[in-house]
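All remarks here apply to the structure that follows.
The values are calculated or read from the model by the stated rules, or taken from the named source; none is laboratory data. What you see is a predicted model, and the numbers here were worked out from it, not measured in a lab. Note that we place each Cβ from the backbone using ideal geometry, even for glycine, and neighbour counts take in every protein chain shown.
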Amino acid sequence: MKTALAGFLRSAYCLTAAAACTLAPVTLRAVPAQPEQGKAVRSLRLDPSIIQAFGGTKAVTRPSRDAVMGFSLPTQVMEVVARGGQEVTTGELLLRGDDAEDMALLTLQRVRAESDLAVQGAQKRMELAKLEFERLEETQRKNAATQQEVDRARLTFEVAQIEFLNAKVQQTQEVIQLDRLNARVGKYRLIAPFDGEVESVMCDVGQAVAENEKIVRVVDVDPLWIDVPAPTEDPVTLTLKNGDRAWVLLDVGSTIRVAEGKVIEVSPVTDLPSRSRRIRVEVLNPKGPDRLLAGEPSWVRFAEPTTAMVDGKPVQAITGK
């Protein structure tokens, strides 16, 4: 793979309409972006000749995970833990709503759920009723107790058994109610659904927010995903499968880069108006100075490209490895 990619970095060829003809090498030019008045901007934008030489289909990079969240019920924001650009891990608290009332109910319910005094009391009454019944049976065998007294004691014991079982059921319900209140308190807390970064927080402490109002966004940009509308007129598109290689041309800051990715999804449906098929490409994007941003335009091809040069120098290539 390194040898093939090195080959891409050594010589450039223009694509022509005739696939069988010999391609001539091309030197690609980097065109400086026009700076705004009063600002010094040092960046590159892709010259059309670069795109033409590389080929491929235009698409946009995006996070592989993207969650825009809000509270599922109206509340007031009481705590903002996360800020834009902050790295977070799964389960980490981002924001907390006004959960004071529900926390009090939760504390009360925890006391009820952890106390088994009602079950113990019902068990002791059952044991007492059983003892009285057994003694009356023994007394009856000595002709010192009537059948009515024995029957009454037996029924009392059976009722005590039922009350004991009912007390255990009630205790189980108290524990379930504790779980329910725990879940309700959780509705006042927004937590990170996955490892990633906070893109933005759109509220502040004291702000009243409505139900399902979107107030925080968490993204994961490693890896990046690119949904490519690959043309179905290209025979390569029809044979793509998961795991196939892909090459991505990007204009990042002042550097034009070529990243190698892989196909992770192949749509079984064709978009009729555009005569294209959605191909999802995954590109590794580890931390570091070469990390790519989501939302950048890109050009993706599924056949290994030829070498591209920018101002006489090879295009910088990244494999993410």
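All told, P268 falls short of being touching a residue at least 60 places away in the same chain (Cβ under 8 Å), of a type outside the set (A, V, I, L, M) and farther than 25 Å from Q52 by Cα.
Looking only at the range 73-130, residues that are among the hydroxyl-bearing types (S, T, Y), closer than 14 Å to R189 by Cα and exposed (fewer than 13 other Cβ atoms within 10 Å of the Cβ) come to 1 in all. For the range 215-236, the condition of being more than 30 Å from R112 (Cα to Cα), part of a helix (DSSP H, G or I) and either out of contact with any strand residue (DSSP E or B) (no Cβ under 6 Å at 6 or more places or on another chain) or at pLDDT 95 or above (or both) holds for at least one residue. Considering (1) among the aromatic types (F, W, Y); (2) more than 30 Å from A67 (Cα to Cα); (3) not in a helix (DSSP H, G or I), the lone condition that F164 does not fulfil carries the number (3). Of all residues in the range 237-284, those satisfying the criterion of being in a loop (DSSP other than H, G, I, E, B) and in contact with a Pro (Cβ under 8 Å, 6 or more places away or on another chain) are S274, R275, L284.
A quick yes/no check of all residues on (1) polar (S, T, N, Q); (2) closer than 30 Å to L249 by Cβ; (3) in the same structural domain as N166 (by TED's automatic domain parsing):
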residue: I50; (1), (2), (3): no, yes, no
residue: T57; (1), (2), (3): yes, yes, no
residue: T61; (1), (2), (3): yes, yes, no
residue: T75; (1), (2), (3): yes, no, no
residue: A82; (1), (2), (3): no, no, no
residue: Q109; (1), (2), (3): yes, no, yes
residue: Q120; (1), (2), (3): yes, no, yes
residue: L131; (1), (2), (3): no, no, yes
residue: E134; (1), (2), (3): no, no, yes
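One residue stands out in the range 284-321 among those that are among the hydroxyl-bearing types (S, T, Y) and more than 34 Å from the chain's Cα centre (by Cα): the one that is modelled with the highest pLDDT, namely T306.
Which of the numbered conditions does A183 fail, given that it passes all the others? Conditions: (1) touching a residue at least 24 places away in the same chain (Cβ under 8 Å); (2) part of a helix (DSSP H, G or I); (3) under 21 Å from the mean Cα position of the chain (by Cα). Every condition holds for A183 apart from (1).
Condition test on E149, is it in a helix (DSSP H, G or I), surrounded by 14 or more Cβ atoms within 10 Å (Cβ to Cβ) and in contact with a Ser or Thr (Cβ under 9 Å, 6 or more places away or on another chain)?
yes
Does E233 fit the bill of being among the acidic types (D, E) and not assigned by TED's automatic domain parsing to the domain that holds R275? Considered against the rule, which asks whether it is among the acidic types (D, E) and not assigned by TED's automatic domain parsing to the domain that holds R275, E233 comes out as no.
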